[in-house]
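Worksheet: the structure to be examined is printed underneath.
Since every read-out is calculated from the coordinates, none of them should be taken as a lab result. Computed from a predicted model, the values in this text were never measured in an experiment. Don't worry about glycine lacking a Cβ; one is built from the backbone with ideal geometry, like all the others, and counts go over all protein chains shown.
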Amino acid sequence: MNVNRRVQTLDEFTIQQLRDFPQATGELSHLLRNIGLAAKRVNVEVNKAGLVDILGDAGTVNVQGEEVKKLDVYANDQLTRVLQHGIACAGIASEELDDFVAFDDAKSVKSKYVCLFDPLDGSSNIDVNVSIGTIFSVYRRVTPIGTVVTKQDFLQPGNQQVAAGYVVYGSSTMLVYATRRGVNGFTLDPSVGEWTLSHPDIKCPERGKIYSVNHGNFFQYDDNVRKYINVCQNKTKADGGPYTQRYIGSMVSDVHRNLIKGGIFMYPGTTDRPKGKLRLLYECNPFAFIMTVAGGKATNGKIGILDIEPTELHQRTPLYIGSKLMMEELETYLAP
Ligand code: AHM
Ligand code: MG
């Protein structure tokens, strides 16, 4: 039997990290483990999505007599539930919910973290079998431990994140998370249901050849963005090109690919939506944190995404994110 002893599970990896930091309490590892558990449950349902006509539509009752939930509602419930029943999370905010949820039981109020997430991003792609994902971010609460969390705990700038990550439900299912110490990727081994370290210490290449943007909106972008897109289209071998355009329309997959291969992803403001589409707290901040730890950059075109002071839970922002040197070139067009 070929036993590969170097393969580490998510639990082994986080325990190893704890050993290196004896002052750590293990709460963050616990929280990540809970998110990993919720993601495994979501993965099972995402894999059954194509059977919806057989198993029952959302809102109907399936053959087992259970009510069938929309997948994004299911994902939201799973994440909320595991975090509420865990010992490390004092409250959550979700793209799926209008307001944050404070966990007010005796255990939760003593927890030091809050978690924000987009439970199932890109869910409009489910019907056509395109990869979708879960995005999350973790902050240390700013209100005193022992009290019920308030909105203040959730409206923190991205540079205060303790950890952030995502799960991509793709040709394989992967969980990638970052702390200030690095970005690591774990692939779900379906035979044993374990997250297995497959992409240790991910670094985003300083330069890549991919640019990702919704070209359908081209004439709604401002002149500077259009000029930069033209630059991408006209790259030659001599200046690092030619570039290739890749846009799935599922942010987790688009940014994941660019993180690994090098590239740039843009969701600029449009005439209809000057602040773009993507949400600062649930989508942009976590990816900006991951990309920054991996050596890349993320801005709204004026300032770093991580430096934006949030004022609302669901605020949107233009987003430009990717390889460091490509971002630096883009910035010369955005702020000439
Ligand atoms: P959602 O949160 O409603 O799923 O929308 C977010 C998704 C992102 O995954 C993706 O990058 C973007 O919407 C695509 O938008 P568009 O179709 O406008 O290009
Ligand atoms: Mg989303």
Label point 7 Å beyond Cα of N224 along Cβ direction - residues of region 260-301 with amide nitrogen under 13 Å
268-269, 299-301
With N denoting the number of residues in the chain, provide Rg(C-alpha) divided by 2.2 N^0.38 Å, to two decimal places.
1.00
Under a GNM of the chain (C-alpha, springs under 10 Å), which listed residue has the highest mean-square fluctuation: V255, V183, V162?
V162
Can you work out the PRE-style zone for S172? Point 7 Å along Cα to Cβ, and I want the residues of region 187-202 with backbone N under 14 Å.
187-200
Rank S323, S124, S191 by mean-square fluctuation in a GNM of the chain with C-alpha springs under 10 angstrom and give only the top-ranked residue.
S191
Sorted from largest down, what three extents in whole angstroms do the Cα atoms of region 199-336 have along their principal axes?
44, 40, 28
Relative contact order of the chain, please, whole-number percent, based on alpha carbon pairs below 8 angstrom and at least 6 residues apart.
15 percent
At a temperature of 20 °C and a viscosity of 1.002 mPa s, determine how fast region 139-245 diffuses translationally according to Stokes-Einstein, using the Kirkwood radius over alpha-carbon pairs as Rh; express D in µm²/s, rounded to the nearest whole number.
118 µm²/s
So, with points 7 Å from each Cα along the Cβ direction, the L18-E312 label distance in nm works out to 4.1 nm
The extension gain from K235 to R140, computed as 0.36 nm times the residue separation minus the Cα-Cα distance, is 29.9 nm
Selected from Q156, V255, A88, residue furthest toward positive end of dipole (the chain; charges at beta carbon):
V255
Based on the Cβ-Cβ distance of V192 and A106, what FRET efficiency does E = 1/(1 + (r/R0)^6) give at R0 = 30 Å, to the nearest 0.05?
0.30
With each run of n ≥ 4 DSSP H residues scored as -39500 (n - 2.57), what mean residue ellipticity at 222 nm is computed for the chain after dividing by its residue count and rounding to the nearest 500 deg cm²/dmol?
-8500 deg cm²/dmol
Counted charge near F186, where neighbours are those whose Cβ lies closer than 13 Å (Asp, Glu -1; Lys, Arg +1)
-3
Can you list which of the GluC sites (Glu not before Pro) found in region 284-336 are DSSP loop residues with at most 11 other C-beta atoms within 10 Å?
E312
How far is it, in nm, from the label point at R273 to the one at Q245 when both lie 7 Å from their Cα along the line to the Cβ?
1.9 nm
At the level of C-alpha centres, the distance separating region 166-207 and region 282-336, in angstrom, is 22 Å
First measure r as the distance between the Cβ atoms of K203 and K70, then evaluate 1/(1 + (r/R0)^6) with R0 = 45 Å and state the FRET efficiency to the nearest 0.05.
0.75
In the neighborhood of G208, defined by Cβ-to-Cβ distances under 14 Å, what is the net charge if each Lys or Arg adds +1 and each Asp or Glu adds -1?
+4
Looking at the square roots a ≥ b ≥ c of the eigenvalues of the Cα gyration tensor of region 10-199, which shape do they give, rounded for a/c under 1.5, prolate if a/b is larger than b/c, or oblate?
oblate
The summed charge of the N47 Cβ neighbourhood (under 15 Å; Lys/Arg +1, Asp/Glu -1) stands at 0
For region 136-148, take each phi angle, set θ = phi - 60°, evaluate the Karplus expression 6.51 cos²θ - 1.76 cosθ + 1.60, and give the result in whole Hz per residue in order, putting x for glycine and proline.
9, 8, 10, 10, 7, 5, 9, 7, x, 4, x, 9, 7
